[in-house]
Amino acid sequence: MTAEKQVTVTPEMTVGHVVRGMPAVYGTPIMILHMEMASGLAIQPALPTGYVSVGMAVDIRHLAATPVGRIVRAFARVAKVEAKIVVFEVEAWDGDRKIGDGTHQRGVVNVAEFEKRFGVTFTEETTA
C-alpha cells in the first residue's frame, strides 16, 4: 500500500516562519507532518469502520533545503505490519531531488475505545 501527499511550500511551512532569524525554507517538522499524512492515507481505506491510525514514531533525515513556492511530494509505503502497528518507508521529493527519507510507525486504534480512554473526540481534521 502506498500514498502521496503533494503540497506547495508556503511561507507558513518554513522554519523562518516559526523561528526568527532562520531561513524561509521548508521546515523539518512540516516535512514530517506531510510524511505522516501520506502514511495515514496509504492505509485508511483498508482500516475497518471505526478505526483510524495515529502516529507513534518517526526516524527521519532532512537532506536538503526547499524554498517557498516549490512543490514537495511526500511518499509513504507500507514496509511491515505487526499486530496493530504499521511501519512505513517514507520519502519527500522536490522535483527529482530527494529532500528527506526515513521510517514512520502508526498505531491502529478503535476510535470509540480511544475517545473513552482519553476523553478526546476525533474530528475529520485530527484523523489525518
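Quick note: the coordinates plus some simple rules give every number you see, no bench work behind them. Keep in mind the model is a prediction, meaning the values are calculated, not measured. Cβ sites come from the backbone with ideal geometry, for glycine too, and all protein chains shown count toward neighbours.
For segment 70-90, give me the residue count where each residue is closer than 28 Å to Thr10 by Cα and without any contact (Cβ under 8 Å) to a residue 40 or more places away in the chain. Break it down stepwise before answering.
Here is the first cut: in segment 70-90, the residues closer than 28 Å to Thr10 by Cα are 70-77, 88-90.
Now drop any that are not without any contact (Cβ under 8 Å) to a residue 40 or more places away in the chain, which leaves 89.
Total meeting the criteria: 1.
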- request: Mind listing just one residue for me: the one in segment 14-28 that is touching a residue at least 24 places away in the same chain (Cβ under 8 Å) and not polar (S, T, N, Q) and, of those, farthest from Val72 (Cα to Cα)?
  value: Pro23
message: Among the listed residues His17, His34, identify the single one that is in a helix (DSSP H, G or I) and surrounded by 18 or more Cβ atoms within 10 Å (Cβ to Cβ).
response: His34
- line: Of the residues in segment 65-110, those that are more than 30 Å from Thr121 (Cβ to Cβ), among the small types (Gly, Ala, Ser) and surrounded by 13 or more Cβ atoms within 10 Å (Cβ to Cβ) come to Ala65, Ala79, Ala92, Gly100, Gly102
